Amino acid sequence: MDATSLIMALAVLSGLYLAWNIGANDVANAMGTSVGSGALSLRRALVLAMVFEAAGAFLAGGRVTATISQGLVGLDAFGGDALLLSASMTACLIASALWLNFASYMGWPVSTTHCIVGAVVGAGAAVGGWDALDTARLTEVGIAWVLSPLFAVWLGYQSFAFIRRRILGAADPLARIQRLGPALAGGITAFLALAVLFRGEGPLRFDLPLYAAGGLALVLGALATAVARPLFRRAAAEAPEAHPARLQRTERIFHGLQVLAACTLAFAHGSNDIANAVGPVAVVFHGLRVGITEQVAVPPAVLMVGVVGLVIGLASYGYKVMATVGRDITELTASSGCAAAFSAAAIILVGSKLGLPVSTTHIMVGAVIGVGFGRGIAAINIRVLRAILASWIVTVPITAAITAGLVALARATLTG
């Protein structure tokens, strides 16, 4: 087998391996709150994850893939050597997958975005030194990494505070959820529709102007509200009279909203983090077939490889991170899990539209922390949070160092 065929084979296998690990770690973040609260069984979570992750990748996944595949490292550093570029991107996949596999084994919800960006930085530094890195773009990504979880904490807190004040804290929470629940379902649907229709990327491009996308999203949201109204009425029918029992029934009704929010989060994850697995693979195939160019097309087949790997990873190994996010950081109910999932999805989708490879993990954990703050600081498990933060800090330097070593080895082999 010649070097080109070998690198292509390694890139596909490494991309699948990384996608498997992303499913075990990041997709578990998206579905962890719903499975943890009992709103979804693992089997249903798998089906919904597959559908909405694929939808996010195909409808809104292109903009971030462009950032991962090219833009962080100057292509001039590779001197027109497509084989070296492809070997470097394959090394990024291997290094990211190895660290993510270890983190999933430990139950740490680390950021796969940090893994792959750290790996790309390590590859660029190994080939062309620090001058090869686009420091302005890296600074932009770094600022997004810091601000996005902070926004998630704030939005998670505000969302849960709204639910607690307007619904759970009402004199009759069941009557209140019957009235406000359909509007919440419609709002989530409208937001998801807007994410698809405005500045859509990927193989299926929807790119309506903001006014047209917003108007259509509002229409779809209104339709969802109308459909949801009799469902909420039926769920609240023949309710018990005692307040504690009515509150408990209200939480059960929130299961439906939580599942809808989790689907939105899975869509957001597919639009952003599918790039981590398929971006470098797309560069490898494009580089070896066409050569080094500024524009890299992502074939639908490559996107599907990433989606399949995500779902397999969630099914086979996602339970550890699900336990951390859905149970260990703070105790989540259906209402608080709904607030956390939607808050995370909103911030991730905004990051995707801006082309920023933000961390789904950091944002989801931030939203869960915000919900925990809404229940009081004592509700946060500081010990678990400390371990998570430590794993976040070391992710970028570790993946960068592993990748730099692999790239140096590949370069010596190719030139030897």
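Listed values, structure above:
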{"item": "Qualifying residue in region 204-214 (condition: surrounded by fewer than 15 Cβ atoms within 10 Å (Cβ to Cβ) and of a type in the set (D, E, K, R))", "result": "yes"}
{"item": "Only listed residue being aliphatic (A, V, I, L, M), at pLDDT 90 or above and under 17 Å from ALA39 (Cβ atoms), chosen from ALA228, ALA224", "result": "ALA228"}
{"item": "Residue within region 78-96 that is part of a helix (DSSP H, G or I), crowded, with 24+ Cβ neighbours inside 10 Å, at pLDDT below 70 and of a type in the set (A, V, I, L, M, F, W, C) present", "result": "no"}
{"item": "Pairs, first within 20 Å of ALA367 (Cβ to Cβ) in region 385-403, second surrounded by 12 or more Cβ atoms within 10 Å (Cβ to Cβ) and of a type in the set (Phe, Trp, Tyr), C-beta under 6 Å, six or more apart", "result": "SER391/TRP108"}
{"item": "Pairs, first surrounded by 20 or more Cβ atoms within 10 Å (Cβ to Cβ) in region 36-48, second assigned to a loop (DSSP other than H, G, I, E, B) and at pLDDT 80 or above, C-beta under 7 Å, six or more apart", "result": "SER37/THR333"}
{"item": "Test: residue in region 129-148 that is in contact (Cβ under 8 Å) with a residue 60 or more places away in the chain, part of a helix (DSSP H, G or I) and more than 21 Å from the chain's Cα centre (by Cα)", "result": "no"}
{"item": "All helices (runs of 4 or more DSSP H) inside region 330-416 with 2 or more residues being farther than 28 Å from LEU84 by Cα and modelled with pLDDT of 85 or more", "result": "334-353, 360-374"}
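The values are calculated or read from the model by the stated rules, or taken from the named source; none is laboratory data. Predicted, not measured: the structure shown is a model, and the values here were computed from it. Backbone-built Cβ (ideal geometry, glycine too); neighbour counts: all protein chains shown.
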